[in-house]
Amino acid sequence: MSATNLKKMTNILLLCISILISGQITKNVLAAEIETPEKHFGFKPGTDRMLFTYEELISYLQKLDVKSPRLELREIGLSPLNKKMYIAFFSSEENIKNLDVLKAINKRLALDPNIPEPERKDLIKKGKVFFLATLSMHSGEVGPSQAAPLIAYDLVTTEDQQILKMLDDVVYMMVPCHNPDGMDMIVNHYNKYKGTKYEGSSMPGVYHKYVGHDNNRDFITLSQSDNRAVANIYNKDWFPQVMVEKHQMGSGTARYFVPPMHDPIAENIDAAIWNWTWVFGSNMVTDLTKKGLAGVSQHYLFDDYWPGSTETCIWKNVIGMLTEAASVQYAKPIFVEPNELGAYGKGLSEYKKSINMSLPWEGGWWHLSDIVKYELASTMSIIKTSSLRREDILKFRNDVCKREVLRGKTQPPYYYILPLKQHDKSELVDLINLLRDHGVNVYQLNSSFTLNDRNFQQGDVVVPLAQPFRPFIKEVLEQQQFPERYYTPGGKLIKPYDITSWCLPLHRGVKSIEITNRLKEFESLFKKMKEEFTLTQQAPKNYWAAIFTAQNNESYKAAFFALKQEATVKRLAENTKWNNGLIPKGSFVVNYKSNLKQFLNELKVSPLYLTKPIDLKTTTMAIPRLALVETHFHDMDAGWTRYIFDSYHIPFKVLHPGDFEKSDLTKNFDVIVFPNANKSILMSGKYKSNGKYYITSYPPEYTKGIGKKGMEKVMTFLDKGGIIVSWGGSTELFSGALQIKRSKKEKEDFQLPFRDISANLKKGGLFCPGSLMKINLLKDHPLTLGMQKSVGVFFRGKPVFTTSIPRFDMDRRVIGKFPEKDILLSGYCEKEEKLGNKSAMIWLKKGKGQLVLFGFNPQFRASTNVGFKLLFNSILLPKM
């Protein structure tokens, strides 16, 4: 080599070295500029007795977002208390720059079954695995969100070549806290009692604006704004291929749970989804055990047959998973003796080494920092598996899309048809728009058509199953049949983890027809909806009154809203003929008021507008002064009731059991609503089971019950003409011997003419874990206005009422009863015949007072809309 060439080569080599050194210096400087979690929070996340708030967490991620090209933070919505929610995207710098391009690839692979093979190969080559993790939706399970800053810092500062390779292949999508409102509630509660003997006590109330732990039961209904924000990620926006929701469980069992789930599993899910959860779970248990993290279980306790949790994404072809860590007392460490460790539920018969827990944890101190270690390790394991199997996962996502569309064309059912003619049209509109929110394609008939001897009309709604989200469509539109699985042949049933019915048409009282034969001629007659569905027309500028049919749930919302706006609202006192039709008794007549115009234009179903006064037989409606009883014991059912009342513009005041003694119930309220709660909690502030009381984990100021004096005030309220509405466990307050104390000398002992017979039915074999059961309703009664003659109600086995012939100034009516047979509409029930002709809803009178008792939850998780009117009519019940 000549001297000149040697000099050139030397200069090039020096330049390359200079560039490498410069790049390394830049990286080192960049890493040095990124603030550590310890510096930002003032402690290392996971430190004993230390927690940060949601705002502090987001503040740290925003700092990293500014400093690091490997992170992009994007808003996704608002929590129920209007806190901003985010996704943090972690990946290579190039992937972060191309997020929207990669997003388009995700959507194409997820939704297009007809991609030409050369193009599909190119998309798979260019695409990345998007892995979504939602953290700490249950706010008492603090570990995942507290681990988030450490995961974030590691990913944006690492120079580990193996991890950098993973970030080239994977986009990790972190929702740093699924429940921002609850996170702050829990942190504030913990800090309030830190350093006292009540440190680590349970937070009074629900850790959410409304629903607490039940936020993980809302992913069909999507009633809560935080859940809608998360669901949109996989329903409509980003279409990730892999998802995990991060939870914690009890302290006295395995240290960690990873997939796969235990039986039973959902039968509408493609087999490959379940197989992929084995792959990810096996790699997790291997990786965690390799790091010395003991007590990792799998195929244990948690099943996956019901939609409703964040994992509802599996019905959208996402490889959806769950992890659960053993809990501490928020940030307070616990010491666990070996004899306190046990196994319960499915998959582990005893706490010993087994195929489902190959390295048991031996006991000892358990810290928040331990949970954080498991969270870091499991997250990195999922990222690693996603990287190693990138092409397979992307190919799978499009393969399953193609398979589901093909099943929709070759396997019945082929369509669900929802006629426009419905008893409650507002629920039809809501159901259709809910399906569209879930990413389901919905169509309307362009012309009338006769199919299977049924005449369908122009405008009727068609939901074909030949689309990628077929598993979800079939799951929520068909009647449920619980997948019965047994521990041994002919042995004990593996009981449901949660409920067994979620059929949207039945739960909402909407008529739906399942079509099991395919006709291509029929498919040419429907057109895809492109906008939100509505059955409204512009309100006229001037009108005398608007009539809202009692059949529509939305009519009650309109009536309550109008009353809040000081409009005059009346109810029809009789069925009224109008234009060859009939306006049912109980419908609402709302007189014109200018400030209602915007609300009227936002309705889903237009009312009947009357342009001039006409003679109608009506009664005047007024807003009742309403008390809603809510215990401090994470009272989710009361929280759901608050949500329903707020949604329907029904004003109320919350009464805690400890408030009764000091409250003048008769002076301040017309109606008291007692949602489902245990009698012992309501009366004494203690849990009672099998005749024994148990001390709670709540601070003592939150464990006061109604007590004897409070119950005296409830009876005085009833005696003075008050109305009591109660369902579930709270109905026990009003059974057996009762007493009205009118003065020191005047007392009246009495017993209402009913009793609960559910315990005897259970002994006879009745088992109903949460199913939709048919009841027949009493016609032409104030409580059943707007209702069909029979409906489905959500029932969990108790209470079941029987009435007796009353004496003195008491009376009773059976408002709803189970039919003699064919009671189960959707779900699972053993010995349903035991319910035949038994009472499910009763009305009672004592003097001027009235009680309405439900054996079912009329508003269960805001998902049983078909029964809402029974609740609304109860609080509007005319006084005696």
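The values are calculated or read from the model by the stated rules, or taken from the named source; none is laboratory data. Keep in mind it's a predicted model, so treat the numbers as computed, not measured. No Cβ is skipped: glycine too gets one built from the backbone with ideal geometry, and neighbour counts run over all protein chains shown. Heavy atoms of the whole protein, side chains included, go into the accessibility calculation; ligands, DNA and RNA do not. Shrake-Rupley method; radii C 1.70, N 1.55, O 1.52, S 1.80 Å.
Relative contact order, whole percent, for the chain stands at 10, derived from Cα pairs under 8 Å and 6 or more residues apart. Rounded to the nearest Hz, the phi-derived 3J(HN,Hα) couplings of region 302-318 under the Karplus curve 6.51 cos²θ - 1.76 cosθ + 1.60 (θ = phi - 60°) are 9, 9, 8, 9, 10, x, x, 8, 4, 5, 4, 4, 5, 6, 10, 6, 8, where x marks glycine and proline.
Between amide H atoms placed 1.01 Å from N, distances below 5 Å from Trp578 occur with Ile583, all of them 5 or more places distant or on a separate chain. Hydrodynamic analysis of region 196-264 uses the Kirkwood radius over alpha carbon pairs. Inserted into Stokes-Einstein at 20 °C and 1.002 mPa s, it gives a translational diffusion coefficient of 140 µm²/s. Peptide packing: for 708-720, 465-477, the average count of neighbouring Cβ atoms within 10 Å per residue gives the ranking 465-477, 708-720, highest mean first. Ordering 820-828, 597-605 by mean Cβ neighbour count within 10 Å, with the highest value first, yields 820-828, 597-605.
Based on every Cα atom in region 192-323, Rg and the maximum pairwise Cα distance Dmax equal 16.8, 52 Å. Here the spin labels are modelled as points 7 Å beyond Cα on the Cα-Cβ line, and at Thr410 and Asp100 they lie 3.9 nm apart. Each peptide in 123-130, 106-113 was scored by the mean count of other Cβ atoms within 10 Å over its residues; highest first, the order is 123-130, 106-113.
Using the Cβ atoms and a cut-off under 10 Å, what net charge is assigned to the surroundings of Gly308, where Lys and Arg are +1 and Asp and Glu are -1?
Value of the local net charge: -2.
Taking N as the number of residues in the chain, what is its Cα Rg relative to 2.2 N^0.38 Å?
Numbers: Rg = 29.8 Å, N = 880, 2.2 N^0.38 = 28.9 Å.
The value comes to 1.03.
In this simple spin-label approximation, Phe808 and Tyr609 carry label points 7 Å from Cα along the Cα→Cβ vector, and these lie 5.6 nm apart.
Counting pairs of Cα atoms in region 561-624, how many percent are more than 15 Å apart? Intermediate values should be presented prior to the final figure.
Working: 1121 of 2016 pairs.
More than 15 Å apart: 56 percent of the Cα pairs in region 561-624.
Once Rg and the Kirkwood radius are both taken over the C-alpha atoms of region 516-634, their ratio Rg/Rh works out to 1.12. Taking the helices alone, the chain has a mean residue ellipticity at 222 nm of -10000 deg cm²/dmol, built from -39,500 (n - 2.57) per DSSP H run of at least 4 residues and averaged over all its residues.
If I fit a long axis through the Cα atoms of helix 271-290 and take the longest principal axis of the Cα atoms of the chain, what angle between them do I get, 0 to 90°, rounded to 10? Taking the Cα atoms of the chain, the angle to 271-290 is about 60 degrees.
Of the three principal axes defined by the Cα atoms of region 705-855, the extents in descending order read 52, 35, 27 Å. Pairs of Lys residues in region 155-255, spaced 8 or more positions apart or belonging to different chains, with C-alpha separations under 27 angstrom: 8 in total.
Could you count how many Lys pairs in region 413-564 have their Cα atoms under 16 Å apart, skipping same-chain pairs fewer than 8 positions apart?
Details: Lys421/Lys511; Lys425/Lys511; Lys425/Lys557; Lys474/Lys511; Lys520/Lys528.
Count of close lysine pairs: 5.
Can you tell me how much longer the chain between Ser447 and Thr36 gets when fully stretched, taken as 0.36 nm per residue apart minus their C-alpha distance, in nm with one decimal?
On the way: separation 411, 0.36 × 411 = 147.96 nm, distance 6.42 nm.
Between Ser447 and Thr36, full extension yields an extra 141.5 nm.
Normalised by residue count, region 345-430 yields a Cα convex hull volume of 291 Å³ per residue.
Helix 117-126 and the longest principal axis of the C-alpha atoms of the chain enclose an angle of approximately 80°.
Note on the chain: with charges restricted to the Cβ of Lys and Arg (+1) and Asp and Glu (-1), its dipole about the Cα centre is near 2240 debye. Taking all protein chains together and rolling a 1.4 Å probe, Val372 ends up with roughly 10 Å² accessible.
What the phi angles of region 38-51 give under the Karplus curve with 6.51, -1.76 and 1.60, with θ = phi - 60°, is a coupling list of 4, 5, 5, 8, x, 6, 7, x, x, 4, 3, 6, 10, 9 Hz, glycine and proline written as x.
Percentage of Cα-Cα pair distances in region 566-710 greater than 19 Å, rounded to whole percent?
On the way: 6835 of 10440 pairs.
Distances greater than 19 Å cover 65 percent of the Cα pairs.
Taken about its Cα centre, region 84-150 carries a charge dipole of about 100 debye when Lys and Arg each add +1 at the Cβ and Asp and Glu each add -1 at the Cβ. In plain terms, the chain from Ser358 to Phe43 could stretch by 110.0 nm, reckoned as 0.36 nm per residue minus the Cα-Cα distance. For region 826-878, the fraction of C-alpha pairs more than 15 angstrom apart is 61%. Taking region 734-755 and a reference point 7 angstrom along Cα→Cβ of Ser684, no backbone N atom is nearer than 13 Å. For region 124-176 versus region 338-356, the spacing of their alpha-carbon centroids is 31 Å.
Just by accessible area at a 1.4 angstrom probe, what is the order of His138, His781 from largest to smallest?
Numbers: His138 5, His781 30 Å².
Final ranking, largest accessible area leading: His781, His138.
Spin-label model, Glu748/Thr666: points 7 Å from Cα along the beta carbon direction are separated by 1.2 nm. Helix 3-33 and the longest principal axis of the Cα set of the chain meet at an angle near 30°.
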